[in-house]
Each structure stands twice: as C-alpha cells, then as structure tokens.
1. Yes or no: D73 surrounded by fewer than 16 Cβ atoms within 10 Å (Cβ to Cβ), over 21 Å from A18 (Cβ atoms), of a type outside the set (S, T, N, Q) and in contact with a strand residue (DSSP E or B) (Cβ under 8 Å, 6 or more places away or on another chain)?
2. Taking S120 as meeting all but one of (1) open to solvent by 10 Å² or more (accessible area, probe 1.4 Å); (2) outside any helix (DSSP H, G or I); (3) within 20 Å of A32 (Cβ to Cβ), write down the number of the exception.
3. For region 53-69, enumerate the residues that are in a strand (DSSP E or B) and either β-branched (V, I, T) or under 24 Å from T127 (Cβ atoms) (or both).
4. Do you know which residues across region 91-114 are open to solvent by less than 20 Å² (accessible area, probe 1.4 Å) and at pLDDT 85 or above?
5. Specify which of the listed residues (E89, E130) is in contact with a helix residue (DSSP H, G or I) (Cβ under 8 Å, 6 or more places away or on another chain), among the acidic types (D, E) and outside any strand (DSSP E or B).
6. Of everything in region 1-22 that's out of contact with any strand residue (DSSP E or B) (no Cβ under 8 Å at 6 or more places or on another chain) and of a type outside the set (D, E, K, R), which residue is farthest from A67 (Cα to Cα)?
7. Could you please find all residues in region 73-94 being over 11 Å from the mean Cα position of the chain (by Cα) and of a type in the set (G, A, S)?
8. Counting only residues that are among the β-branched types (V, I, T) and at pLDDT 95 or above, which one in region 25-58 is surrounded by the most Cβ atoms within 10 Å (Cβ to Cβ)?
Amino acid sequence: MDFRDLIKPEQVLIVPRANDKEQLLRDLAQRAASELKKDVAAILQPLLARESLGSTGLGQGFALPHARIEGIDSFFCLFAKLAKPVPFEAVDDKPVDLVFLLLIPANAGSDHLTALAAISRHLRDKTFMENLRKAKTPGALYSLIVEHV
C-alpha cells in the first residue's frame with residue numbers, strides 16, 4: 001500500500017503538548033473534524049468506543065487509533081509526532097509518541113484491514129521509527145512516511 005494514497009502533507013503534525021490519551025484523541029478528532037467538515041463528536045465518540053475495546057497502543061511508542069465513521073467516503077489519516085510521550089495503555093505499557101490515526105468509511109467492509117496491516121508493518125520497522133523520531137518538521141515526517149517502502 002502506498003502511503004501517498006492515505007495521507008497528505010497537511011495531515012502530518014507535530015503535537016507540542018498532550019497531557020494524556022483522551023486529550024490527544026480529542027485534539028486529533030478536532031483536527032480531523034475540521035478537515036472533514038464533521039462534528040467533533042462524530043469522530044471522537046467512535047474513537048473512544050474503539051479504545052474502550054482495548055488500547056490501540058501497539059507498543060514501542062506507537063499507537064494506531066482507528067474507527068469507522070459515518071458519512072465519510074474514503075479513508076482519512078493523520079500522523080502525529082508528540083513532543084512528549086503520553087501514557088496510552090499500550091500493550092508494552094510504554095508511553096506513545098508516534099500516532100497514526102485512521103478513520104474508516106462506515107461501509108468500507110474489510111478494506112481497512114489492509115490499511116491497518118500496512119501502517120502497522122511500516123511502523124514496526126525500528127530504523128523507520130528512529131528516523132521519524134529524529135525528524136524535526138512535518139515536511140520531513142511526511143517525506144519519510146511516503147518514501148518508506
């Protein structure tokens with residue numbers, strides 16, 4: 001899967017501050033809602049409901065929050081690098097500093113599994129993760145994300 005199909009440069013962020021998981025998800029939902037012209041609750045509530053099933057913190061400081069969203073026609077992604085890691089109830093109990101948010105059309109069927117697997121596979125590459133953590137700007141992060149094979 002080509003990341004250029006999933007994410008645009010303006011959807012790559014450096015988050016200067018997030019106090020906790022819920023605030024981070026709220027901030028990302030606000031950004032997504034603004035870009036998608038949706039109500040924040042229409043994004044945040046499905047994300048929180050998905051997190052209540054089990055944390056999407058996959059370990060090594062990486063989280064992949066995702067949810068099905070009514071009224072969107074295609075996948076929507078945000079990538080956020082946090083200036084300071086936040087507790088995320090990850091599988092390894094380590095705080096998270098890299099977050100790839102994936103919003104899935106409600107009628108997407110199982111297509112989202114391919115996207116989740118591709119994102120997860122790329123973000124489990126230790127060298128790639130190190131390079132993301134070293135990047136200083138959203139532009140540098142975007143280049144790394146879309147050029148990683």
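1. yes
2. Failing condition for S120: (2).
3. G57, L58, G59, F62, A63, I69, listed by residue number.
4. Within region 91-114, V96, L98, V99, F100, L101, L102, L103, I104, P105 qualify.
5. Going through E89, E130 in turn, just one is in contact with a helix residue (DSSP H, G or I) (Cβ under 8 Å, 6 or more places away or on another chain), among the acidic types (D, E) and outside any strand (DSSP E or B): E89.
6. P9
7. S74, A83, A90
8. Filtering first and then ranking leaves I43.
The values are calculated or read from the model by the stated rules, or taken from the named source; none is laboratory data. Computed from a prediction, not measured in an experiment: that's the story for all the values here. Counting neighbours? That spans all protein chains shown, and the Cβs are built from the backbone with ideal geometry, glycine included. These accessible areas exclude ligands, DNA and RNA; they are computed on the full protein's heavy atoms, side chains included. Shrake-Rupley method; radii C 1.70, N 1.55, O 1.52, S 1.80 Å.
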